[in-house]
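Derivation of every value follows stated rules applied to the coordinates shown; laboratory data play no part. Quick caveat, the model's predicted, so the values are computed rather than measured. Cβ atoms come from the backbone with ideal geometry, glycine included; neighbour counts cover every protein chain shown.
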Amino acid sequence: MTIAENKVVTLEFTVKNAETGDVIESSEGSEPLVYLHGFNNLVPGLEAELAGKTVGDKYDVTVSPEEGYGVRDESLVQQVPKEAFQGIDNIEVGMAFTADGPQGPVVVEVTAIEADLVTVDANHPLADVTLSFSGEVKEIRDASKEELDHGHVHGPGGHHH
């Protein structure tokens, strides 16, 4: 069986910053990644690389920001009055909040605090980063009807435990 649309795939993976070599995340010593292929559950550059692979195949791919988590957009950085954070007494740089964006919920990170203004950034933390993904395909199976209806994996390794 090969990786194609509507297949549930189990991967061992390591993702690094391609420029610095720093490991961002890895399944080594933890659970492998289980995802539904063809439903944008992975960054486009990695999903495209995995199509057609079979169990036991190894992969090593460099993904540009355009095919990864996007290019940094300065318009997603804005200053908000401190009063907007009602009920939060101690706002600190590095805190993440969910805000209502034009296309639904958006995660923003506090990047600066000056007097009564808080700077928040809605860019993905890996925007502008060239990524290196490597690993091995461990398992491929057909997705269930429910998984296809929901667009993601259920059961072990999936969203619903």
Per-residue Cβ neighbour rank within 10 angstrom, fewest leading, Ile140, Ile91: Ile91, Ile140
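Could you give the length gained on full extension between Gln103 and Thr14, defined as 0.36 nm per residue of separation minus the Cα-Cα distance, in nm? It would help to have the intermediate numbers written out before the result.
Working: separation 89, 0.36 × 89 = 32.04 nm, distance 3.05 nm.
Residue separation times 0.36 nm, minus the Cα-Cα distance, leaves 29.0 nm.
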Difference of contour (0.36 nm per residue) and Cα-Cα distance, Phe85 to Met1: 25.2 nm
Stokes-Einstein D (µm²/s) once Rh is taken as the Kirkwood radius of region 74-121 over alpha-carbon pairs, at 37 °C in 0.692 mPa s: 298 µm²/s
Loop sites in region 63-155: GluC sites (Glu not before Pro), DSSP, at most 11 other Cβ within 10 Å: Glu92
Listed residues Gly52, Gly70, Gly29, most fluctuating in the chain (Gaussian network, C-alpha, under 10 Å): Gly29
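What does the extension gain come out to for Ser64 and Ser30, with contour length at 0.36 nm per residue minus their alpha carbon separation? Present the calculation step by step, with values, prior to reporting the outcome.
Details: separation 34, 0.36 × 34 = 12.24 nm, distance 2.63 nm.
My answer for the length gained is 9.6 nm.
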D_trans [Stokes-Einstein, Kirkwood Rh over alpha-carbon pairs] for the chain, 20 °C, 1.002 mPa s, µm² s⁻¹: 120 µm²/s
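With a 10 Å Cβ neighbour count serving as the proxy for reagent exposure, in which order, fewest first, do Thr54, Thr10 appear? Kindly include the intermediate steps, with their values, before the conclusion.
Values: Thr54 10, Thr10 20.
Starting with the residue having the fewest Cβ neighbours, the order is Thr54, Thr10.
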Ellipticity estimate at 222 nm from DSSP helix runs (n ≥ 4, -39,500 (n - 2.57)) divided over the chain, nearest 500: -2000 deg cm²/dmol
Where labels lie 7 Å past Cα in the beta-carbon direction, separation of Lys138 and Thr111 in nm: 3.6 nm
